[in-house]
Amino acid sequence: MRAEVLSIGTELLLGEIVDTNSAWLSARLADAGWDVYWSGRVGDNLERVVEALELALRRSDIVVTSGGLGSTDDDLTRSAVARIVGEEPAIDPRLEAHLRDWFARANLAWQDLMLKQATRIPSAVSLPNRVGTAPGWLVPVRDRFIVTLPGPPRELQAMWIEQAEPRLPKAGGFLLRHSFKTWGIGEGRVFELLGALVKPANPSVATYAKRDGVHVRVAAKAANPVEAASLAGPVIEEVRERLAGSVWGEGEDTLVGQICEVLRGRGHRLSTVESITGGLIAHEITSVAGVSDVYAGGAVAYDPAVKVRIGVPSETVERFGVVSEETARAMAEACTAWFETEYAIATTGVAGPTDLEGKPPGTVWMAIRGPGGTAARRLASSSRSRAQIQERSTFAALGQLWRALNEGTA
Ligand code: ATP
């Protein structure tokens with residue numbers, strides 16, 4: 001059974017907002033066993049929304065729309081669906097009463113234009129909106145369905161989970177997904193290691209380059225979870241074996257979570273001193289809950305004088321420069337002393353757009369200090385923007401720490 005998502009709104013086409021609703025809905029539909037073969041965006045234009053809906057209905061059993069349920073003239077999802085089924089929207093007195101009550105309880109002045117949200121076509125089942133005002137519709141079209149959901153993600157998600165999903169037919173399948181997350185090997189190498197395992201068939205194996213390394217996803221579709229597991233099981237084992245040594249996590253694991261687990265197990269703690277990454281590593285670490293027993297803290301030592309103040313010898317900065325292996329090492333060593341931790345991460349580099357000390361943007365030195373010594377690494381990220389260089393450096397440093405912990409190099 002096929003499902004399709006259609007996001008409605010001109011601001012999506014102009015790139016003013018990112019279509020996160022279709023990502024959320026597609027993942028949710030796929031998890032429930034639907035085949036999601038298409039997902040699209042269309043602007044606030046009645047003819048084009050009708051055209052997009054007609055096309056979607058020709059090829060999919062369920063079409064889920066997002067947005068265009070408000071009260072203004074550009075909110076035309078209801079009119080488009082009404083035109084598809086050849087019906088006229090009319091005010092539903094029960095919906096009107098509910099809306100007026102909502103306004104009264106929220107202590108807001110009633111506006112007549114809100115009546116548009118109380119309209120319904122005879123064949124539509126109204127889907128209550130617990131979080132906002134605009135109800136959705138569930139409309140049977142021959143043996144297919146259109147579901148209209150509001151644009152605000154909180155409203156859309158609550159309505160889909162609580163109102164739409166339970167009323168729809170079951171997809172008649174189950175999708176099992178399992179991912180492996182690697183560090184230190186590129187997508188090409190992963191591809192080589194997996195060989196003929198990478199294929200779009202059932203079970204499928206696919207690779208994705210992400211900011212925290214290359215991920216490999218195994219997916220199996222079957223009638224029920226048990227069948228899906230027996231289909232995927234041997235492939236999951238094979239992938240695990242072939243990628244051994246490069247996998248830092250599986251499923252919902254996070255890189256920081258895995259690093260903290262190793263440190264916790266050893267009774268060691270971590271600190272950070274950042275120049276080029278400006279606190280992004282500290283942010284990444286502290287965005288994971290429950291790390292305070294492992295992460296002592298971090299400093300953003302941007303000015304060379306501050307690097308010296310926290311313990312980097314001034315001769316090192318003067319002799320080798322701020323962006324150098326020696327300064328990165330000295331920063332990491334000073335950091336463990338300052339924060340009294342066994343491990344430290346240090347970063348220094350050129351984010352751009354101009355050169356520094358004759359070094360081009362993208363030149364980054366990072367160092368990991370640990371009980372086994374200090375390991376430093378140079379990263380070159382030419383032709384990237386400032387933000388990309390900073391993000392890449394952040395994850396390279398975390399990946400390097402994960403490596404060092406596993407290989408005992410620091
Ligand atoms: P409202 O009643 O608030 O007008 P609506 O159903 O008419 O809701 P839109 O006007 O299309 O929805 O969008 C309202 C807001 O919802 C947008 O400004 C945006 O913040 C968010 N939104 C809409 N569509 C999407 C989408 N596809 N992905 C993420 N956010 C979205």
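The values are calculated or read from the model by the stated rules, or taken from the named source; none is laboratory data. This one's a predicted model, so the numbers in the text were calculated from it and none came from an experiment. Neighbour counts run over all protein chains shown; Cβ positions are idealised from the backbone, glycine included. Ligands, DNA and RNA are excluded from the accessible area calculation, which covers all protein heavy atoms including side chains. Shrake-Rupley method; radii C 1.70, N 1.55, O 1.52, S 1.80 Å.
Among the residues of region 14-27, just one is more than 11 Å from the ligand (Cβ to nearest atom), modelled with pLDDT of 95 or more and among the aliphatic types (A, V, I, L, M), namely L14.
Among residues of region 348-364 that are assigned to a strand (DSSP E or B), those with a Cβ under 9 angstrom from a residue that is among the acidic types (D, E) and buried (at least 17 other Cβ atoms within 10 Å of the Cβ), sequence gap 6+ or separate chain, pair up as T348/E274.
Considered as a group, the residues in region 368-388 that are farther than 19 Å from T341 by Cβ and at pLDDT 95 or above include one that is surrounded by the most Cβ atoms within 10 Å (Cβ to Cβ), and that residue is R377. For region 46-58, the count of residues that are within 15 Å of the ligand (Cβ to nearest atom) and surrounded by fewer than 20 Cβ atoms within 10 Å (Cβ to Cβ) is nonzero.
What number of residues in region 284-327 are under 25 Å from the mean Cα position of the chain (by Cα) and either aliphatic (A, V, I, L, M) or closer than 24 Å to A380 by Cβ (or both)? Of the residues in region 284-327, 5 are under 25 Å from the mean Cα position of the chain (by Cα) and either aliphatic (A, V, I, L, M) or closer than 24 Å to A380 by Cβ (or both).
Right, P128: out of contact with any Leu (no Cβ under 7 Å at 6 or more places or on another chain), within 16 Å of the ligand (Cβ to nearest atom) and farther than 30 Å from V235 by Cβ or not? Even if it seems obvious, please write down each step before you answer.
Values: out of contact with any Leu (no Cβ under 7 Å at 6 or more places or on another chain): yes; within 16 Å of the ligand (Cβ to nearest atom): yes; farther than 30 Å from V235 by Cβ: yes.
In short, yes.
So for region 185-199 (the condition being within 30 Å of W34 (Cβ to Cβ), at pLDDT 95 or above and assigned to a helix (DSSP H, G or I)), does at least one residue qualify? Looking through region 185-199, at least one residue is within 30 Å of W34 (Cβ to Cβ), at pLDDT 95 or above and assigned to a helix (DSSP H, G or I). Only a single criterion out of (1) open to solvent by less than 40 Å² (accessible area, probe 1.4 Å); (2) more than 16 Å from the ligand (Cβ to nearest atom); (3) not in a strand (DSSP E or B) is not satisfied by A206, namely (3).
Taking the criterion of being acidic (D, E), modelled with pLDDT of 95 or more and surrounded by fewer than 22 Cβ atoms within 10 Å (Cβ to Cβ), would at least one residue in region 328-340 satisfy it? Give the steps one after another, and end with the answer.
Looking only at region 328-340, we keep the residues that are acidic (D, E), and these are 333, 340.
From the residues that got through so far, the ones that are modelled with pLDDT of 95 or more too are 333, 340.
Okay, now just the ones that are also surrounded by fewer than 22 Cβ atoms within 10 Å (Cβ to Cβ), so 333, 340.
Within region 328-340, one or more residues are acidic (D, E), modelled with pLDDT of 95 or more and surrounded by fewer than 22 Cβ atoms within 10 Å (Cβ to Cβ).
Among the residues of region 164-183, those identified as part of a helix (DSSP H, G or I) and open to solvent by 40 Å² or more (accessible area, probe 1.4 Å) are E165, P166, R167.
Taking R269 as the residue in question, decide whether it is open to solvent by 70 Å² or more (accessible area, probe 1.4 Å) and within 30 Å of G321 (Cα to Cα).
Numbers: open to solvent by 70 Å² or more (accessible area, probe 1.4 Å): yes; within 30 Å of G321 (Cα to Cα): yes.
Spelling it out, R269 is indeed open to solvent by 70 Å² or more (accessible area, probe 1.4 Å) and within 30 Å of G321 (Cα to Cα).
Here region 28-43 is the region considered, the condition is being within 13 Å of the ligand (Cβ to nearest atom) and surrounded by fewer than 17 Cβ atoms within 10 Å (Cβ to Cβ), and the residue that is nearest to the chain's Cα centre (by Cα) is G40. Here region 1-47 is the region considered, the condition is being in a helix (DSSP H, G or I) and of a type in the set (D, E, K, R), and the residue that is farthest from P225 (Cα to Cα) is E47.
When D73 is tested against (1) touching a helix residue (DSSP H, G or I) at 6+ places or on another chain (Cβ under 7 Å); (2) free of Cβ contacts under 8 Å to residues at least 24 places away in the same chain; (3) part of a loop (DSSP other than H, G, I, E, B), exactly one condition is not met: (1). Close contacts from region 14-31, counting a first residue that is closer than 14 Å to G43 by Cα and a second that is within 12 Å of the ligand (Cβ to nearest atom) and acidic (D, E), with Cβ to Cβ under 9 Å and a gap of 6+ residues or different chains, come to I17/E11. Within region 146-161, residues that are closer than 15 Å to S26 by Cα and within 8 Å of the ligand (Cβ to nearest atom) have Cβ atoms under 8 Å from residues that are open to solvent by less than 10 Å² (accessible area, probe 1.4 Å) and among the aromatic types (F, W, Y) in these pairs: L149/W160, counting only partners at least 6 apart in sequence or on another chain. For region 103-157, filtered to residues that are β-branched (V, I, T) and assigned to a loop (DSSP other than H, G, I, E, B), the residue that is nearest to L57 (Cα to Cα) is I121.
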